[in-house]
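A short worksheet on the structure shown next.
Any read-out appearing in this document is the output of simple, stated calculations on the displayed coordinates, not a laboratory observation. It should be emphasised that the depicted structure is a prediction, and the values quoted were computed from it without experimental measurement. Because the Cβ atoms are built from the backbone with ideal geometry, glycine has one as well, and the counts that use them run over all protein chains shown.
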Amino acid sequence: MRKVVFAVLCSFLFILVVVIDINQGYTHFRDSNDIRSATKRKGTTSSASSQKKPLIIYFSRSGTNYPNVHLKIGHTKQLAMFISDKTHGDQYEIVPAKPYPKNYQRTVDQAQREQQNNLRPSIKGKLHDVSKYRTIFIGYPIWWNEPPMIVRTFMDHENLNGKTIIPFSTNEGSGWGDSLQIIKRYYPQSHFLKGFSVTGSAVDNDHSRVNRWLAKLGY
Ligand SMILES: Cc1cc2nc3c(=O)[nH]c(=O)nc-3n(C[C@H](O)[C@H](O)[C@H](O)COP(=O)(O)O)c2cc1C
């Protein structure tokens, strides 16, 4: 009799273990963020170090720019490179499938048309896998008081909710413009840290401000 009770108990335990296992394997996730947080909890994809390493995402344009300078490397890209160097972060540049004109005024006109018509210019190549990063720096120039529309193309496709976001931007007088509100609206469940905004033409004059900002963020 004891043997029978023992066998029944063992079978019960076995079934219990199998059921728990099946449930874990077939969890129905609501969206990709849930998958990411679940894999993080299990520790299967991200090492601690890759989660610490930030990703620096940015858009920048080279060519003639205000005030009539020719830029081999755009202002925002210069800043992005500096940030990546200081933070040891990875970089992802949002590159337009069709480059913007080198001519400043033609770009200004095109950007205005894109904004007025709420267009989404295409991005060249594959988007970067953002899943393994907890902290994302996102940088852009101010175009017509907002981030360029191609940054919206990126944000339409990449869900950064749940991550820590640190914006940075270059401009020629508008400061942040409306850009912070726009980005925050895209990612209401993200944690935003203090960003950095600088006059583009002064971006490489003095690194002490950017250094102080990064130091306050812990880099
Ligand atoms: C299409 C376009 C629109 C711009 N609109 C603004 C603006 O509304 N306010 C402002 O302060 N600067 C404006 N600028 C200046 C840029 O924000 C500034 O030059 C920035 O540093 C350029 O960055 P980049 O070299 O990384 O592209 C504009 C520049 C361009 C090309």
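Among 101-111, 205-215, how do they line up from the highest to the lowest mean number of other beta-carbon atoms within 10 Å?
101-111, 205-215
Relative contact order for region 137-203: what percent, with Cα pairs under 8 Å and sequence separation of 6 or more?
Computed value for region 137-203: 40 percent relative contact order.
Evaluate the distance, in nm, between pseudo-label points positioned 7 Å from the Cα of Asp206 and of Val108 along their respective Cα→Cβ axes.
Label-label distance for Asp206 and Val108, simple model: 2.7 nm.
Whose amide H sits under 5 Å from the amide H of Ser62, counting only residues 5 or more places off or on another chain, with H placed in the peptide plane?
Gly74
Once you keep just the Cα pairs under 8 angstrom separated by 6 or more residues, what percentage relative contact order results for region 50-159?
37 percent
Enumerate the calculated ³J(HN,Hα) couplings along region 60-71 in order (Karplus 6.51 cos²θ - 1.76 cosθ + 1.60, θ = phi - 60°), each rounded to whole Hz, writing x wherever the residue is Gly or Pro.
7, 10, 9, x, 6, 9, 5, x, 6, 10, 9, 10
For region 45-216, what is the convex hull (Cα atoms) projected area averaged across all directions, in square nanometres?
Taking a quarter of the hull surface, the average projection is 9.6 nm².
Check region 45-216 and count each lysine pair with an alpha-carbon distance under 17 angstrom, considering only pairs eight or more places apart or from different chains.
Lysine pairs meeting both conditions in region 45-216 amount to 21.
With an 8 Å Cα cut-off and a minimum separation of 6 or more residues, compute the relative contact order for region 58-110 in percent.
41 percent
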